[in-house]
Protein chains: 2
Amino acid sequence: MNAWRYECEICGHHEEIDTRLWCCPVDGGAFTLSGPNTLAPEHIDLEEPTLWRYASLLPVQRPDHYSLGEGLTPLVPGTLAGRNVWLKNDAALPTGSFKDRGAAILVAHLASLGLDRLIVDSSGNAAAAMAGFCAAAGIGCTVYAPANASPGKLVQARAYGATVIPVEGNRDAVASAAQDAVDNDPSSFYASHNWHAVFVEGVKTWAYEVWEQLGGRLPATAFIPAGGGSAFVGGRRGFDAVPGKLPALIAAQPAACAPISLAYESDARDIAAVTPGDTMAEGTKIGAPSRGRQILSALRDSGGWAVAVTEDDIAAALRELWSQGLYVEPTAALGAAAFVVAIRDGRPIPEGDTVVLLTGNGLKATETIGELLG
Amino acid sequence: MNAWRYECEICGHHEEIDTRLWCCPVDGGAFTLSGPNTLAPEHIDLEEPTLWRYASLLPVQRPDHYSLGEGLTPLVPGTLAGRNVWLKNDAALPTGSFKDRGAAILVAHLASLGLDRLIVDSSGNAAAAMAGFCAAAGIGCTVYAPANASPGKLVQARAYGATVIPVEGNRDAVASAAQDAVDNDPSSFYASHNWHAVFVEGVKTWAYEVWEQLGGRLPATAFIPAGGGSAFVGGRRGFDAVPGKLPALIAAQPAACAPISLAYESDARDIAAVTPGDTMAEGTKIGAPSRGRQILSALRDSGGWAVAVTEDDIAAALRELWSQGLYVEPTAALGAAAFVVAIRDGRPIPEGDTVVLLTGNGLKATETIGELLG
């Protein structure tokens, strides 16, 4: 018996966990997943040093023939703006970003459905994560990427054996090309990290780990980089698994692409699409996040906020992290920048532990970082 | 009372652990360290998820004000040349290479002696590792690097706040410049990963971890990339801590720079210096390893061997690792290449577990990897 079920975030339509639909067939809304989500020591395999220690709370079982050692990243003490914070360093994951959490679970799930070729659209960390776990699982991966994506960003996916197909046009054109490819090849599957609800079930484990690493205590506040929003809604889903007050969740975006922040400021019911401007936080250049309702309800329910930070704020936060030995890429500094901005603006921070999620490795952005250093 | 003491690998001269000498004052030989080295569950802090779980077997205590979450990297199942092996993935360490193990311990040790500026010589992973842990510890770091080192390789060290000083000439000229700088500034210290014995005490933890991760069992064989030899002699020191047969230790070098392999083949008592040729395994371009006697005795005592592999062997091993989701840099594939060569040559591999050490992250070598992929 499988207790897992998809539910449309807009109309509430249900689908079973073994469906091949990746969004609601009624209105195209993003799915959420309902299933067991109660975090307690008896649900954790304490001997297992990866995110599969939470297998009883995941929609798929641990693959028996491979592992990349995914999960259980360091939670280390640090300081930002003179305050003590906890830094959750997901740069330490196997392919170098938090997306490994979602990719590990999504690839295992789709492989268990018998799929052997996944089609994804991404120009960066998600491409690497999906390609890496497809390689480990022994299934094929095709990446549709913007023609103007930095070739360096795609080297990693190609090394894992993925086929990379460049697409002219904007991010929507890339997604359309990927979906068209799937329509033309029924043996393949559109495994979108931005759409698939199973991806979020993997990402939620960062919050599970934080709870464990704090000795079974919820933090009071979590600052989270937000583009498509999977780290953000994953955090909400993870912290929801513990009885007690949901931490205030702060969605940090670059000012050049801040649709979540704009919707939050105007108290909108949905997130309106924007045209992304130029930002060094390239992982968050997503003008139309697909999980809008989930993001806005997490903001509302947690008493958190969304904030747009400037390029200068990001650069300053990067330097503060690097100077503590934490080498992260620009996108990964958004949460830290949002914390510093909050302190500077005199915004009240809830008492208790503050966690800042670091999403990706600085080694992914050598060129940009070299330019910043001059 | 401190049970740790330095001993010259050539003449046996002793120094206390708090000395500022980094090599033997009698004959310039490399030091080894003697101290507690018996690995058993009661000597491990099982609650500590970093290499500091072995603090009772290290010459320095865990720093109380910082951590980068160093150690406990994945040991994952893989295949090479159709055989099952264990892949120990030190690419997952905080700065992206096994050198973090040595840097974590050496920086903590030198900080405990009151030093607040370290001078190192390196063009790559050691520079990043030392700079990263100096940043975490809050002490200064100056890196002397070859003027022709790839600027990309040094971006990471600079981001951590290290001062990078380019030096014209070969690797010896760089080391001399670093040592001269120390002579001119008595408040600084030459913290050489190639010379300092405390560095090896950190590196040995990879072998401790392998023993734990195999369920308290020694592997039969370990394939190890070897340049300066710290991963190799660290492996010997780590496996020595367990009663039982020392695993056969295989030192893998690129044919373009293989002084260890040459000395092994000719049954020499010391390693003769060579002029490094061109190789993509740039982390092992060390013509005159400083720990020659320790390396040769580890080869002899373990029943292992040293081998020089070609650039084609390295490229093939890289592809085999990448295709399993393990994104490593060329230097890190040397051990895997040596294993494949041994199988191809029909060399008998001892029965039991085979471990292959992966030393560094592929994200450090995007340019080289892009060229390999074409």
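The values are calculated or read from the model by the stated rules, or taken from the named source; none is laboratory data. These figures come from a predicted structure and were not determined experimentally. Here the Cβ positions follow ideal geometry from the backbone for every residue, glycine too, while neighbour counts run over all protein chains shown. Calculation scope for accessible area: heavy atoms of the full protein, side chains included, ligands and nucleic acids excluded. Shrake-Rupley method; radii C 1.70, N 1.55, O 1.52, S 1.80 Å.
What pairs from A:K88/B:K204; B:K204/B:K245; A:K99/A:K245; A:K99/B:K204 go past 24 Å between their alpha carbons?
Numbers: A:K88/B:K204 27 Å; B:K204/B:K245 17 Å; A:K99/A:K245 26 Å; A:K99/B:K204 31 Å.
From the list (A:K88/B:K204; B:K204/B:K245; A:K99/A:K245; A:K99/B:K204), the Cα-Cα distance tops 24 Å for A:K88/B:K204; A:K99/A:K245; A:K99/B:K204.
Take the alpha carbon atoms of region B:238-304, find their center, do the same for region B:12-34, and report the distance between the two centers in whole angstrom. One Cα centre to the other: 21 Å. Interface residues of region A:334-368, defined as those with an accessible-area decrease of at least 50 Å² between the chain by itself and the complete set of protein chains (probe 1.4 Å), are A:L363. Less than 5 angstrom separates the built amide H of A:G304 from those of A:L249, all sequence-distant by 5 or more or on a different chain.
Chain A contacts chain B over a buried accessible area of about 2600 Å², both sides summed; the probe is 1.4 Å and only protein chains count.
Taking 22 Å as R0, compute the FRET efficiency from the Cβ-Cβ separation of B:H13 and B:L113 and round it to 0.05. Let's see the in-between values first.
Working: r = 20 Å, r/R0 = 0.91.
Result of the calculation: an efficiency of 0.65.
Mean projected area of the convex hull spanned by the Cα atoms of chain B, taken over all viewing directions: 17.1 nm². Position A:H65: other-copy label points at 5.2 nm, ordered by increasing distance, label point 7 Å along Cα→C-beta.
Peptides A:220-227, A:54-61, B:59-66, ordered by how many other C-beta atoms sit within 10 Å of their residues on average, highest first, read A:220-227, A:54-61, B:59-66. Region A:331-374 and region B:145-192 have their alpha-carbon centroids 29 Å apart.
Accessible surface computed residue by residue for the protein assembly as shown, with neighbouring protein chains in place and a 1.4 Å probe, gives 35 Å² per residue. With contacts taken as Cα pairs under 8 Å and at least 6 residues apart, chain B reaches a relative contact order of 16 percent.
A:R117 sits with roughly 80 Å² accessible to a 1.4 Å probe, with DNA, RNA and ligands left out of the calculation.
Provide A:D185, B:D183, B:D116, A:D267 ordered by accessible surface of protein heavy atoms (probe 1.4 Å), highest first. Mind showing how you got there, number by number?
Values: A:D185 50, B:D183 115, B:D116 95, A:D267 140 Å².
Order by accessible area, largest first: A:D267, B:D183, B:D116, A:D185.
Loop sites by DSSP among the GluC sites (Glu not before Pro) of chain A, restricted to those with at most 10 other Cβ atoms within 10 angstrom, leave A:169-350 as the longest stretch without any of them.
Per-residue shielding of B:224-234, expressed as the average number of other chain Cβ atoms within 10 Å of the residue Cβ, stands at 0.
Computed in the context of the full set of protein chains, the accessible area of chain B at 1.4 Å probe radius has 49% of its extent on carbon or sulfur. Compared with the rule-of-thumb size 2.2 N^0.38 Å for a compact globular protein, the protein assembly as shown has a Cα radius of gyration ratio of 0.93.
Note on region B:99-197: percent of Cα-Cα distances in each 5 Å bin, starting at 0 and stopping at the bin with the largest distance, equals 2, 16, 28, 27, 19, 7, 1.
Taking only the alpha carbons of region B:142-301, we obtain Rg and Dmax values of 17.2, 50 Å in that order.
Each of A:P77, B:G96, B:S261 was scored by the projection of its Cα onto the charge dipole of the protein assembly as shown, and the greatest displacement toward the positive side belongs to A:P77; charges sit on the C-beta of Lys, Arg, Asp and Glu.
Look at the stretch A:318-329: the mean tally of other chain Cβ atoms within 10 Å of its residues' Cβ atoms is 6.
Ranked highest first by the average count of other Cβ atoms within 10 Å around their residues, in what order do B:333-339, A:321-327, A:202-208 fall? Working shown, then result.
Numbers: B:333-339: 31.0, A:321-327: 24.7, A:202-208: 29.0.
Those peptides, ordered most packed to least, come out B:333-339, A:202-208, A:321-327.
Each label was represented as a point 7 Å from its Cα along the Cα-to-Cβ direction; for B:A81 and A:D312 these points are 6.0 nm apart.
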